[in-house]
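Okay, structure first, notes after.
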Amino acid sequence: MENIIALFKSIEAAKVIAPEIDYSKYVPLNLSVTNSELSQYKLQTAKDYEIFIQNHLDKNHGRIAFGGYIETRNLYQRSTVFKNSNSDERNIHIGLDLWINESAPIHAALDGTIHSFQNNTALGDSGPTIIPCHELEGLKFHSLYGHLSEASLFGKKVGDIVKKGEQIATLGLPPINGDYAPHLHFQIIIDMEGKVGDYPGVCSEKTLPFYKSNCPDPNILLKIVK
C-alpha cells in the first residue's frame, strides 16, 4: 500500500463531484460517535440527515461537506446490511463521503476502465454503484463511486474506458441511493477480493486492520485537506 500512497501524493488532485465548486467551499463533517452534537438531533431518516447536513453547510458557509474515513458511526444501526447474528457489527466507515443536497455530477478521479457496476438495493446499502479499475506505474487498484442515480448505470458495460475528469454519473437521491441524505461514497480499493458491483464500505473493529491496508484514505488522492 505504501507504493500507492506515494503515487497518489505525487499526482495532481482529482475532483470527483461538482468540479466547479472550489475546495474552499468544502467543510468537514463529523458523523462519528464522538460528536456529542449529534445527540441533540433526532437523526433517523434520510430527511433528518439532509436537514442536519444542510444546516451544517449553511452555518459554515459551505457547499459540500466531507469526511468519514475510519469514522465509527451509529447511522448504520437501522439496516440489517451491517449486522446479523453470524458476524460482528460493521460500523466503521472506510471511504470518504461528500455530502451535497442535490443531484450533482460525478467525475472520474483517474483514467481507467469499468471493472463492474450494479444497483445494490437493500436499505442502507450503496445503491447504484460504479467501480473503475486503474493502473498507474504498474500498480493496479480500483475506485468506487456509491449512492448514485439509477440512470448512472444505463448504457454502461464492463471494460468501458473512463478518462480522468469525465462525468461518469450523477448523484442519487433517497430512497434510490440506499435511502441516505444525498452524498457520494468514494473509496479506493486495492484488491477487490473477487467482488463485483460492490465492496464493503463499512467494516467491524475486528476487520479494520485489513481494510485500512486494502482501502487507503481517499483524501490522499483528492487532496481536499493537504
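Residues that are under 21 Å from His61 (Cα atoms) and charged (D, E, K, R) were ranked within region 1-45; the one that is most open to solvent (accessible area, probe 1.4 Å) is Glu20.
Look at region 175-189: where a residue is within 12 Å of His93 (Cβ to Cβ) and a partner is among the charged types (D, E, K, R) and at pLDDT 95 or above, sitting 6+ places away or on another chain with Cβ atoms under 6 Å, you get His183/Asp97; His185/Asp97. Determine if region 199-213 includes at least one residue that is at pLDDT 95 or above, acidic (Asp, Glu) and surrounded by fewer than 20 Cβ atoms within 10 Å (Cβ to Cβ). Among the residues of region 199-213, not one is at pLDDT 95 or above, acidic (Asp, Glu) and surrounded by fewer than 20 Cβ atoms within 10 Å (Cβ to Cβ), which makes the answer no.
I'm checking my understanding of the structure. Among residues of region 139-156 that are of a type in the set (Gly, Ala, Ser) and in a helix (DSSP H, G or I), which one is farthest from Ile106 (Cα to Cα)? Among those residues, the one meeting the criterion is Ala151. The C-beta contact set for region 85-113 (first residue modelled with pLDDT of 95 or more and assigned to a loop (DSSP other than H, G, I, E, B), second residue of a type in the set (Lys, Arg) and open to solvent by 60 Å² or more (accessible area, probe 1.4 Å), distance under 6 angstrom, 6+ apart or interchain) comprises Ala108/Lys164; Leu110/Lys164; Asp111/Lys163; Asp111/Lys164. Taking region 121-143 as the range and being buried (at least 18 other Cβ atoms within 10 Å of the Cβ), touching a residue at least 40 places away in the same chain (Cβ under 8 Å) and touching a Ser or Thr at 6+ places or on another chain (Cβ under 8 Å) as the test, the residues that pass are Gly124, Asp125, Gly127, Pro128, Ile131.
Consider Gln187 carefully, then state whether it is open to solvent by 40 Å² or more (accessible area, probe 1.4 Å), polar (S, T, N, Q) and closer than 28 Å to Gln54 by Cα. Walk me through it before giving the result.
Values: open to solvent by 40 Å² or more (accessible area, probe 1.4 Å): no; polar (S, T, N, Q): yes; closer than 28 Å to Gln54 by Cα: yes.
For Gln187, the condition - open to solvent by 40 Å² or more (accessible area, probe 1.4 Å), polar (S, T, N, Q) and closer than 28 Å to Gln54 by Cα - is not met.
Considering region 179-198 alone, what residues qualify as being part of a loop (DSSP other than H, G, I, E, B), under 26 Å from Asn101 (Cβ atoms) and not small (Gly, Ala, Ser)? Of everything in region 179-198, those that are part of a loop (DSSP other than H, G, I, E, B), under 26 Å from Asn101 (Cβ atoms) and not small (Gly, Ala, Ser) turn out to be Asp179, Tyr180, Pro182, Asp198.
Would you be able to tell me the number of residues in region 31-60 that are part of a loop (DSSP other than H, G, I, E, B) and out of contact with any helix residue (DSSP H, G or I) (no Cβ under 8 Å at 6 or more places or on another chain)?
So the first thing to find is which residues in region 31-60 are part of a loop (DSSP other than H, G, I, E, B), and the list is 31-35, 41-45, 60.
From what is left, the residues that are out of contact with any helix residue (DSSP H, G or I) (no Cβ under 8 Å at 6 or more places or on another chain) are 32-35, 44-45, 60.
Selection size over region 31-60: 7.
Contact annotation: residue pairs with Cβ atoms under 7 Å, 6 or more positions apart or on different chains, pairing a residue in region 14-36 that is at positive phi with a partner that is at pLDDT 95 or above and of a type outside the set (Val, Ile, Thr), are Ala18/Ala104; Ala18/Pro105. The residues of region 167-178 that are open to solvent by 10 Å² or more (accessible area, probe 1.4 Å), touching a Ser or Thr at 6+ places or on another chain (Cβ under 8 Å) and outside any strand (DSSP E or B), listed by number, are Leu173, Ile176.
The values are calculated or read from the model by the stated rules, or taken from the named source; none is laboratory data. Values in this document were obtained by computation on a predicted structure and should not be read as measured data. For neighbour counting, all protein chains shown are included, and Cβ atoms are generated from backbone atoms with ideal geometry for every residue, glycine included. Heavy atoms of the whole protein, side chains included, go into the accessibility calculation; ligands, DNA and RNA do not. Shrake-Rupley method; radii C 1.70, N 1.55, O 1.52, S 1.80 Å.
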